[in-house]
Every structure is written in structure tokens, then in C-alpha cells.
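Here's the structure, in C-alpha cells; my notes come after.
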Number of protein chains: 2
Amino acid sequence: MHSNCEVEKLVNSDEVSIEKESINRSVIEYAVKDLLLGLGEDINREGIRKTPFRVAKAFFEGTRGALFPEAGLDNTNKIGHGGGVGGLVFVRDIDLYSYCESCLLPFQIKCHVGYIPSNQRVVGLSKLPRVAEAFAKRLQEPQHLADEICFALHEGIQPEGVAIILQCTHIPFPYKDFDSNHEGWVNILVSSGSGVFENKNDDIWSDLFSLVKFRGIEKGKVVIKESLDDQCYNWCPSFKVEEIKYSPIMVNAVSTIIKSIGEDPTRKELIETPNRFLKWLMNFQYASNIDLKMNGSIFNGEVKSIIWSEFNVPFWSQCEHHLLPFYGVVHIGYYNSEGCNPIGKSLLQSIVHFYGFKLQVQERLTKQIAETISSLVGGNVIVVVEASHTCMISRGIEKFGSNTATIAVLGHFSTDLAARTKFLESIPSVTSFEGQ
Amino acid sequence: MHSNCEVEKLVNSDEVSIEKESINRSVIEYAVKDLLLGLGEDINREGIRKTPFRVAKAFFEGTRGALFPEAGLDNTNKIGHGGGVGGLVFVRDIDLYSYCESCLLPFQIKCHVGYIPSNQRVVGLSKLPRVAEAFAKRLQEPQHLADEICFALHEGIQPEGVAIILQCTHIPFPYKDFDSNHEGWVNILVSSGSGVFENKNDDIWSDLFSLVKFRGIEKGKVVIKESLDDQCYNWCPSFKVEEIKYSPIMVNAVSTIIKSIGEDPTRKELIETPNRFLKWLMNFQYASNIDLKMNGSIFNGEVKSIIWSEFNVPFWSQCEHHLLPFYGVVHIGYYNSEGCNPIGKSLLQSIVHFYGFKLQVQERLTKQIAETISSLVGGNVIVVVEASHTCMISRGIEKFGSNTATIAVLGHFSTDLAARTKFLESIPSVTSFEGQ
């Protein structure tokens, strides 16, 4: 039983001295200031004044697994409890997130862990997600993560075999001329096996796949890394975005962050990471060059009871508190003047993109969209933004399913409950901003 | 900004001295030993030898909110970030769990938090779940929890108003003559409002309900505590189970646990809690008195290619590692002898109940069910158990969606992949063990 305790200590404890962590944190804070300056931001404005502190904290919380290079289960004693037996044990749907080593953005993982106990011994079920989490909390790549979890559990449990299946989802890279919808989410399915699961064509894998088939997982869909050349395998969408020359100060700032969280920025997979991170970040430069042409007619007529509406306009943005993506959909309702046509979808989309591609907070985004549309249609506007925030999952808080709605109402909508309710209740109940 | 930091400290820090915690923990460990002895268990058997340690740890992790009676947001400075504005901010689907003050079992919560900022200031979104969580991590009752979250956020953010909606789900209390299915989950919907949300009939609530309607939440369904007498409001299913006289040693052991986690066992709502917890626990006494009559015929024929199967047989059990419930469904497949009828559903159910109502681990439960059925049908059996473990959510690990499948195969099924696959793939893909 002794080793059980050691695992807990290893996975839970914080072995880095407070002092060293605080030095590394302030190094990251300086690097983040360079990035904010590079984005054209005023680093003293209230909304982002504490952002360097928050980003450093988030990186430390999100990648603390990297600080335990040997993390895993102790293999000097077999751990587990008598009384268990034989057959397959399969823990499904463990929600994890990790950080993409190619671009530093968080990615989400549904992790499925199976093992076959040997020696009549089974391990406490919660050890499986705990070990998986320790390896997820570092800069990762899906296949490598699967292999590491598999190896650590095999060493620690000494079972007949371990099988890992990971469904990984990476947010797409938007770019300024990117068109409209949230296509481009990258989903990849990888697996890793040890012992009796070592041969992926073995019958024993079939039982696993039978038990996750209704989760959309089929054997044929699993990526076999060896069968692909390296270029093909690069799952991170940053590879598909064109290279730009970024300022050495900014590149250096990102390298510094990588180093401060305990990673080696000269490791092969990480050499280009600063550039790739900047491909993402520089979309949110303060002086956005999206061309916002607003040629809608100015409203001067009478309020009519027809509500024009546009639902599910997608957007991307970057949370100014944590420099992490948030994304979702915008629902827009307005009264238009008599005889006028509704505002074209592409204009609404441009307005949404214009205010999205900045360092933002959702509340301000909602208000800015509402005010801009108000200037086109004469003041009677309702805007609802529904968004998922990666800062809600990729830090201590880890609320995977949560999402945030914000509302701005102007003119008639602020006083007319019936109109507001009519609009709110007509929002399609399944909004499609979850990716996949 | 200063107060922001203090909130983090308050919510995250561990103000109880290590020494005091360790004394309280060992007090709980002794109390748990009394409970195990009362259940007729051998406290030195390997599976439960460390259970007192684990239960003490789980109680501390799960109720540490109780240690911060003043938890909340600092209200001496308005916190938040400039740039936000006006309209409603509504964070939905925050997964929480809490401990029922009536029976000490964990219950699950979908928490929805709305507020309307004042003074152009918005609070960081992750503060909302963080504060909600601080109040959930103690012995609670839904309406009281909603009121506490509401009050703390109102004091801390000083907004126009705060609105809380909680969907709470309590597992049913099984009892020995309880019949078959998982009916009896208790769902309750409560709300709390401050400022502009104080009057629950006000128009402003309508916007909120419009935005959660498609989650099955309607204004009419919200419990208004004041309008019910106390007896009606007791949502915990323990109230519906008959009182039995329990041994004073066991009652005292539960009181001691309540005291050790920082609660007052003489508080009105807690006086009967030890008895109600024992109503649950004593279902899992070692010498179960469920009558297991097995009158199936002994198999002596030839293996036929007809697989008889019974899917979704519900069960309840108690995890012997943490003394927390796990529950789910059992799928059973077997070859029966020629000419024989399949085993009756009620006999299968009795077998499942017999092995469920004990301190168990899922792996052993699976094997015991398989072996018992094997003795009836001659050895060719496959059993799959799918279960949710409350110990996976109500401790540090908090993997809300995860569930565990275990398989035991005997005889023909262990060698015939085709038969196994045929059975596994015929398991209904939506198994109904999630409650609600």
C-alpha cells in the first residue's frame, strides 16, 4: 500500500520551490508585457494591467505536469487492492485538457483508459484519471501523450496490459480573411497499448472498440503515427497557416515563456512554436485591419413590430484577461425601418469579426456589436453572445461544460419584455459553437 | 484590483493548520472504523484497510468550504475590470457537487449564475464558479446554497443584482425490498435573487428563464421554499425511508465525523443526520439478508449459438474504498442448454442485488455475478457492468462525465471473439444509469 501514497504525493505535490516558481513567474510576466506591446496594446489600461500576472499563473497551473519529468506510478511495489479480478476495466470519458506543443494553445481531450489486471489486483479507479492528468498538464502532442500515460500506468500497475484511447480536439486557427463559420476544428483519435494491448490488430482491442463505438470511435479512424510521414501527422492547424516574419522581441518573449515553464525551447518539436503561437496571437492586434464597410441606411422611420433577426453568427476572440481564446455565436435582433431590407448577413458578420479580433471581454464585445448595429437601424437592437471560454477549462477551475451568455439591449428592447422574450425564445436551442 | 487577489487567496488557501487537520483526520479514521465494524466487516482485510484514511481525506476535500465560514468576495473595494457594460452576464452549466446535510451523501448540481454589472465594471468570469464552489463544498441544502452564493456575489461584486438557479440531483435511497429500477432520483430546482432580481415575479427573471428554457428549466418548476411547509420541502430521499434504531456507537461515529469537518452536529438540520446516513449505510451490511433463491437448472448440454441476454439490470452498491455510492447497470449474456428457457429477469435481478448491496469494488461485483450465473448455465457467460462512481466526482478528481465499464468472460466467451463482439455491440448504446 505504501506506493499508493507515494503516487498521490508525486501527482499532487508541488516540488518546485516557491522561490524558483516566483522567479520564473516574473520572467513570464515580462515576456507577456512584450507580447502585449507587440499587439499594440497599452499595458497600463485597466483591463489588461493584471494580464501578465494571470497569464503566468495560468501557464503554471496548466503545465505543472512538466515539472515532474518522472511522474507516474511507483513500480517497486505492485499497488492495488485484493479482491479485484481478471477482466477488462475501462474508464471512459475522462475530460482533460492539455497544451499543444506546436502552438501553445490548450486542446481538449476525451480520454478512455483500459487495463487488464494481473495477480488478482486492481488499482483504485481514480488513479487512472489522476495519472492521465499529470501527463496532460504539460506541452503535448496527442500520440506522445497517449504513449506516456500508457507507459506510466503499465509500469505502475504491472497489469496484463494497458490501452489508451484519446479523442483530441484543437480549435481552428482563424485568420483575418477567414470565412464565417467554425469549420476547421481538428479532431484526432490516437491510441496506445502495452502488454496484451501492444499489437493493435489483436482481438483484445475489439472489446474496447465495441464499448466506445457509440461514442463515434471506430478502429479504422485511429491515427497510426508510424504509417504517416511527419508532415502529414502535424495535427495542429497552425501548420496550415502561412508563415510571417514576427519581431524578434516577440519571438524571444514566447521562447522565454516556454523555458520558464520548465520546457526546453530548443527541443525539435518546440523550435518553431514561438512563431506558431504568434500566428495565432497576431490575429488580435489592436489596430485590426479588417475592413469594416458599413453602408446600411440610417434609420429614421417609425418602430415596426417586425423583428429582424440573424442567429448563430460565429466569432473568435481572445480573452484579454488570460490571452486565451474564447469563441461562440452571436444572435442579433432589431427593428428596421419600414420598407428597408434587413441588414445583409455578410455585413453583420463583418461587424462581429471586427470586434471579435481583438483582445476582448465578452461583455464589451456584446455592447460594441449592439451599438454598431444600432447606428445602422436607429436604436432598437438586442444582441446575445453565447461563448465558451478556454480560460474556464485550462486553469484551476476546469468547468468543462460551462458557457456564458451576455445580452445587450438598446431602445425598444430594453423596455418591451414581450419583444425581448419573443426574440430570446426564438434562439435555436442547440447553438453550434462547441466545435466538432 | 487588490481585492481580486484576496478573493483568490480566500477561496484557494488552506487556513486550517496542518496540525489541526491531522488531528481531525485521525478522529474521523477512528469513527470510520466503528462504522465498518458495525457493518460486520473485517477492518484488516486488504480492500478496506485504508478505507478510514480515504474516507477522512474525501470528507476533508469535499467539505473544505465549511472551514471558511466567511468565504465570499471582499466588498471593501469594488472589483472588476473597466470596459464591461450594462447587460446581463449569465454563466450556465457549472458542474458542482455538494454534500447533503440531511444524509451526508454527495449530490450533483448544475449551477447557473447571472448578474447585471453596475458602474461599468464586470468581474472575471471564473470568479463566479469559484465562489459557487466554495459554498458547495460543505454540508448543504439546495435553497440555502443558492442563497449563500447569491449573497456572497452580491456583497462582493456590488452589482445591480445577482440571480442563481440550481438544478440539484440526489441519488435515491435504495432499500432491501426496493424494486428493480432506478426510479426515485430526486431533482429539485431552486433559485435565489438579489437587487433587481429580488422579486422573483419581476420581468427581469424572464430573460434568464428564456436563456435556460431549453435546459428543461421553467419558472413554474422552481421550488419556492416559503410556500411549502417544512416537511414538504425535505428533498432528501432519506426522509421517506423508515427509521430504524441504530447502535449508539455507530450514531456517535457519524456525529464525530460531522464535528471533525467543522460542522456543529447539534445544529437543527444536522441532529437527525447520523440516523439518516445510517439508513443508507446499513443497506450494505456484510451479511446481507436478501434471499437469493437460485432454482435455475444446471447446464449439461451442448453449447448452442443462441446468446440469451438481459440488458440494463440496475444495481446499487457502496464503494469499499471511499464508502461512497456507485450505481449503474449490468448487461448479462449466456448460452443456455438446449430446450431450456432463459433465466428469469427477476432471478438475474436478485443475483445483481445480492452482490450489489455490500461494500464492493466494481471488478469483484462483475466477477461474482458472472460466476453465479455460470453455475446456473454451465459456464458460458459474459457480464458487463457500467457504473458511475460518486467517488470520481466528490473528491479532488472531479471527473463529472466519466464512467467505468468492467467485463468478465467465462467459458466460450473468453475464446470466441465473434460471440463477444456480437454481445458487446448489442448493448443498447444509451444506457440509462445517469439518473434524472
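Observations
- Database remark: amide H of B:SER126 closer than 5 angstrom to no amide H (H placed geometrically; neighbours at sequence offset of 5 or more, or on other chains; Pro and chain starts carry no H).
- Average beta carbon contacts from partner chains per residue of A:400-413, 10 Å cutoff: 6
- Copies compared at A:GLN285 - label distances in nm, ascending, label defined 7 Å from Cα in the Cβ direction: 7.6
- Calculated label separations, B:LYS20, copies of the chain, 7 Å along the beta-carbon direction, nm: 3.3
- Derived scalar couplings between HN and Hα for the range B:46-55 equal 4, x, 10, 4, 9, 4, x, 4, 5, 5 Hz in order, rounded to whole Hz, by the Karplus curve 6.51 cos²θ - 1.76 cosθ + 1.60 (θ = phi - 60°), x for Gly and Pro.
- Residue mean of other protein chain beta carbons inside 10 Å, B:88-99: 5
- Computed 3J(HN,Hα) for the range A:194-200, one whole-Hz value per residue from the Karplus formula 6.51 cos²θ - 1.76 cosθ + 1.60 where θ = phi - 60°, is 10, x, 5, 9, 4, 8, 6, glycine and proline marked x.
- Under Karplus coefficients 6.51, -1.76 and 1.60, residue-wise ³J(HN,Hα) of the range B:24-38 in Hz, glycine/proline x: 4, 5, 6, 4, 4, 4, 5, 5, 5, 4, 4, 5, 5, 4, x
- Residue ranges A:259-271, B:358-370 sort as B:358-370, A:259-271 when ordered by packing (mean number of other C-beta atoms within 10 Å per residue, highest first).
- Peptide packing: for B:372-378, B:134-140, the average count of neighbouring Cβ atoms within 10 Å per residue gives the ranking B:134-140, B:372-378, highest mean first.
- Charging the Cβ of each Asp and Glu at -1 and of each Lys and Arg at +1, and nothing else, the dipole of the range A:307-425 about its Cα centre rounds to 200 debye.
- Here the contact order of the range B:307-425, divided by its residue count and restricted to Cα pairs under 8 Å and six or more residues apart, works out to 27 percent.
- Residues whose amide H lies under 5 Å from that of A:GLY401, counting only those 5 or more places away or on a different chain, are B:ASP95; hydrogens are built 1.01 Å from N in the peptide plane.
- Counting from the shortest, the label point at A:TRP185, 7 Å from Cα toward Cβ, is 2.4 nm from the same position in each remaining copy.
- Violating pairs (Cα-Cα greater than 29 angstrom) within the set A:LYS110/B:LYS279; B:LYS50/B:LYS279; A:LYS127/A:LYS279; B:LYS240/B:LYS268: A:LYS110/B:LYS279; A:LYS127/A:LYS279
- For A:LEU105, nonlocal amide neighbours, meaning residues 5 or more places apart or on other chains whose placed amide H falls under 5 Å from its own, are A:CYS100.
- Neighbouring Cβ atoms from other chains, within 10 Å of the Cβ of residues in A:203-210, number 5 on average.
- Cα-based equivalent ellipsoid of the range A:307-425: semi-axis lengths in Å, sorted from largest, via gyration tensor: 27, 15, 11
Each value in this text was obtained by applying a stated rule to the coordinates, not by laboratory testing. Note that the structure is a prediction, hence the values are computed from the model and not measured. Quick reminder, even Gly has a Cβ in these numbers, built from the backbone with ideal geometry, and neighbours come from all protein chains shown.
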